1. Answer yes or no: is there a residue in segment 233-243 that is surrounded by 13 or more Cβ atoms within 10 Å (Cβ to Cβ) and modelled with pLDDT under 85.
2. Within segment 162-184, can you find the residues that are assigned to a loop (DSSP other than H, G, I, E, B), within 15 Å of the chain's Cα centre (by Cα) and under 24 Å from Ser220 (Cβ atoms)?
3. Mind listing whichever residues of segment 205-236 are under 22 Å from Phe256 (Cα atoms) and part of a strand (DSSP E or B)?
4. Which of the residues that make up segment 47-63 are crowded, with 18+ Cβ neighbours inside 10 Å and part of a strand (DSSP E or B)?
5. Of Ala95, Ala72, which residue is part of a loop (DSSP other than H, G, I, E, B), closer than 17 Å to Ser144 by Cα and modelled with pLDDT of 95 or more?
6. Tally time: how many residues in segment 192-204 are in a strand (DSSP E or B) and without any contact (Cβ under 8 Å) to a residue 60 or more places away in the chain?
7. Return the pair list, or none, for Cβ contacts closer than 8 Å from residues in segment 163-182 that are aliphatic (A, V, I, L, M) to residues that are surrounded by fewer than 19 Cβ atoms within 10 Å (Cβ to Cβ) and outside any loop (DSSP other than H, G, I, E, B), at least 6 apart or on different chains.
8. Report the residue count in segment 80-94 for those that are of a type in the set (Gly, Ala, Ser) and in contact (Cβ under 8 Å) with a residue 60 or more places away in the chain.
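The values are calculated or read from the model by the stated rules, or taken from the named source; none is laboratory data. Because the structure is predicted, anything quoted here is derived from the model rather than measured. We place every Cβ from the backbone using ideal geometry, glycine too, and count neighbours over all the protein chains shown.
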Amino acid sequence: MKKMIITAALSAITAISAIPTISVCAAEKEPGYIYTIINNEATITGFEGEPSYIEIPRTVEGCRVTEIRDNAFYECGSLKHITLPDTIEKIGHHAFYACSSLESVIIPDSVKEIGMGCFCGCESLSAVTLSEKLTRLPDSCFRSCISLTVFNFNENITEIGDFCFSGCTSLDSVSISNSLKSIGDCSFYMCGLDSVYIPSSVEQLGVCSVGYTPTNSGASQIEGFTILGKKKSAAADYASENALTFRNAEDSVHAFAIQRINGQRIAVPSVFLIACGLLIAFIPIKYLLRRRKK
C-alpha cells in the first residue's frame, strides 16, 4: 500500500511538471509593457501607463521575446517610438492600432508575419522599414496613416491586402519590385498619386484598385490618370476594362523616363497609385477603420 501511495505521488509530480510554465507580469526594468512567459518564450501582451518610448529587450527573465500579441498597444496614443528586437517573429492583428503619436517603425528581419490592421490609424507614422521575410501585407495594415508619404516594398512581398493603404492621403511615392502578384480591393483608397507603374508580375487587381477617387457624387476616375506597364498584362487589361489611359513601359526605368518626359512629379523610379471609391466615399474615415476591441 505504501509503495502504491509513493508511486501515485510521483505520477502527480510528473504530471504537474509537464504543464507549460505561464507567468504574467509588468516589466520592472523597462516600464511601459506587460509580458507573459509560456514554455520559455516571452510575449508582449500590453502596456501600462502612458509610455512615449519603449525598447523591447531580446530576452526577459532569460526567455526570448518572440511575439507582440494582438491588440498589445491598442490605442496607446502616447507612444512615439518603439524599438523591436531581432528575436520577434510575429506581430499580431491591431497590435499598434491607433497609436496616433507613433512616428516610425523598423520591423526587424526576424518578423515573418504581421496581422490585419497592425498599424491602422497611426496618424503620425511617416517612416516604415519592412522585414525582408514578410511576403504579405494584410488587410488595413497601414490604413489611415495620413503622414506616410513614401513606402518601399521589400522584394519578397507578393500580396497587398484589401484597404491596406486606404486613407493614406499623403502617400505619393511607392517603390515596388517584380515579386508583387496581387493588389486587393481598395488597397490605396484616397491616396494622392496621379499615375501608376504596375509591373507585369501583378496577375490580379481588385475592384476599384487603380485610378479612382472619392467625390461628392461617389467614386470617380482620376482625371488624366495613366497606368504604365507592359502590353498584354493584367495592368493593360484593367486599364481597358475601366477606360483608363494606358501607356506601354517595359520596366520601371522606362516608366520613369516616360513620366519625366510628361513632366510629372516623380520621387522614385517605381511609382504606384491605387485609388478606389465606392459608397464608402460618403462614410467618415474614422468609421472605415476596422476596429477590434481587446
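1. no
2. Of everything in segment 162-184, those that are assigned to a loop (DSSP other than H, G, I, E, B), within 15 Å of the chain's Cα centre (by Cα) and under 24 Å from Ser220 (Cβ atoms) turn out to be Asp162, Phe163, Cys164, Phe165, Ser166, Gly167, Cys168, Leu171, Gly184.
3. Leu205, Tyr212, Thr226, Ile227, Leu228, Gly229
4. From segment 47-63, those crowded, with 18+ Cβ neighbours inside 10 Å are 47, 51, 54, 56, 60, 63; that's our starting set.
If the condition is that a residue be crowded, with 18+ Cβ neighbours inside 10 Å and part of a strand (DSSP E or B), then Phe47, Ile54, Val60, Cys63 are the ones that fit.
5. Ala95
6. Restricting attention to segment 192-204, the residues satisfying the condition of being in a strand (DSSP E or B) are 195-197, 204.
Going one step further and asking which of them are without any contact (Cβ under 8 Å) to a residue 60 or more places away in the chain, we end up with 204.
The number of residues fulfilling the criteria is 1.
7. Leu171/Val150; Val174/Val150; Val174/Asn152; Leu180/Glu159
8. So the first thing to find is which residues in segment 80-94 are of a type in the set (Gly, Ala, Ser), and the list is 92.
With the extra rule that they be in contact (Cβ under 8 Å) with a residue 60 or more places away in the chain, the set shrinks to none.
So the answer is 0.
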